[in-house]
Amino acid sequence: MKKILVTPRSLSKNGHPALDDLRRAGYEVVFAAPGKQPTEEELLAILPECVGYLAGVEPVSAKVLRSSPNLKVIGRNGVGIDNVDLAAAEEMGIAVERAVGANSRGVAELAVSLMLSGVRSISYSSKHLQAGKWVRRKGFEIEGKTLGLIGCGQIGKYVAKMALGLDMKVLAYDLYPDAEFTPSADFCFSSMDDIFRQADVISLHCPPADKP
């Protein structure tokens, strides 16, 4: 029976009905470290036997991929694939697929939460209160303030809509701006220079720059 490795912690610990679809299709679903992020050694011990790999956020190195001659496809449980050595995957003929949009809303909500926490110094105040101290740091209301988005794909669009709902103005930069995305008169695509000049808060929703 052909094997498929499943490593995302939420799936390997608690299971998911979708995994039964794989079993019904004739595959054996295996886990490297149920409920935990697997190490490279744990991947090396089991992945060479697998034809498929549903991956979490663990690093997937060239060493692991080159040791897995039977592997045909990696499905990422999320959007980012920067944890996978893509050059080695291409070399080995392994397809790498993403779950586009799977967690976009959740990431956007977290980004807005962090923005509110930052402008109100919630983490700072909490730390001092837990130490029995009242140390005030002045914040500001976000109504009428400008949010700058660097990257306005699916996550950025969610963030823009949430910020507009909080009565902010939104400037967004994207390499491929979506001309059909016009959620409000308080939103517009702009240059990064204008964003850096005008924004009160900047939120990044783009891949990291390539290392020199």
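The values are calculated or read from the model by the stated rules, or taken from the named source; none is laboratory data. Please read all numbers here as calculations on a predicted model, not as lab measurements. Quick reminder, even Gly has a Cβ in these numbers, built from the backbone with ideal geometry, and neighbours come from all protein chains shown. Areas reflect the complete protein model, heavy atoms only, side chains present, ligands, DNA and RNA absent. Shrake-Rupley method; radii C 1.70, N 1.55, O 1.52, S 1.80 Å.
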Trypsin sites (Lys or Arg not before Pro) lying in DSSP loop within the range 129-212, provided at most 12 other Cβ fall within 10 Å: Lys133, Arg136, Arg137, Lys138
Cα-projected label distance for Lys36 with Ala99, points at 7 Å along beta-carbon direction, nm: 2.3
Dipole in debye (nearest 20) - the chain, about Cα centre, beta carbon charges: Lys, Arg +1; Asp, Glu -1: 860
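Counting only heavy atoms of the protein chains, get the accessible area per residue of the range 1-70 (1.4 Å probe) and round it to a whole Å² value.
On a per-residue basis, the range 1-70 sits at 54 Å².
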Long-range amide H partners of Lys2 with built H, under 5 Å: Glu28
HN-Hα J in Hz across the range 66-82 - Karplus 6.51, -1.76, 1.60, θ = phi - 60°, x for Gly and Pro: 6, 8, 10, x, 8, 6, 9, 8, 10, x, 7, 7, x, 9, x, 10, 6
Lys pairs under 23 Å by Cα in the range 92-212, provided they are eight or more residues apart or on distinct chains: 7
Relative contact order for the range 54-130, counting Cα pairs under 8 Å that sit 6 or more residues apart, in percent: 28
Portion, in percent, of the accessible area of the chain that falls on carbon or sulfur, probe 1.4 Å: 52
C-alpha center-to-center spacing [the range 60-115, the range 15-33] in angstrom: 19
Relative contact order (%) - the chain, alpha-carbon pairs under 8 angstrom, separation at least six: 13
Rough spin-label spacing in nm, given labels placed 7 Å along Cα→Cβ, for Ala45 and Glu28: 1.6
Per DSSP, loop chymotrypsin sites (Phe, Trp or Tyr not before Pro) in the range 78-174 with at most 16 further Cβ within 10 Å: Trp134, Phe140
Under the span-like rule (Cα at least 24 Å along the axis, Kyte-Doolittle mean at least 0.0), DSSP H helices of the chain: none
Dimensions in Å of the range 41-158 - Rg and Dmax from alpha carbons: 21.0, 60
Residues of the range 131-212: accessible area per residue with a 1.4 Å probe, Å²: 68
Nonlocal amide H pairs with Ala32, under 5 Å, H built at 1.01 Å: Val6
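Are there any trypsin sites (Lys or Arg not before Pro) in the range 26-77 that are in a DSSP loop and have at most 16 other Cβ atoms within 10 Å? List them by number.
Qualifying residues, ordered by number: Lys36, Lys72.
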Pairwise label distance in nanometres, Lys13 with Phe196, each label 7 Å out on the Cα-Cβ vector: 4.1
For the range 150-212, size of Cβ-based charge dipole, Lys and Arg +1, Asp and Glu -1, in debye: 140
Cα Rg, Dmax (largest Cα-Cα span) when computed across the chain, Å: 21.6, 62
Relative contact order [Cα under 8 Å, 6+ residues apart], the range 118-212, whole percent: 30
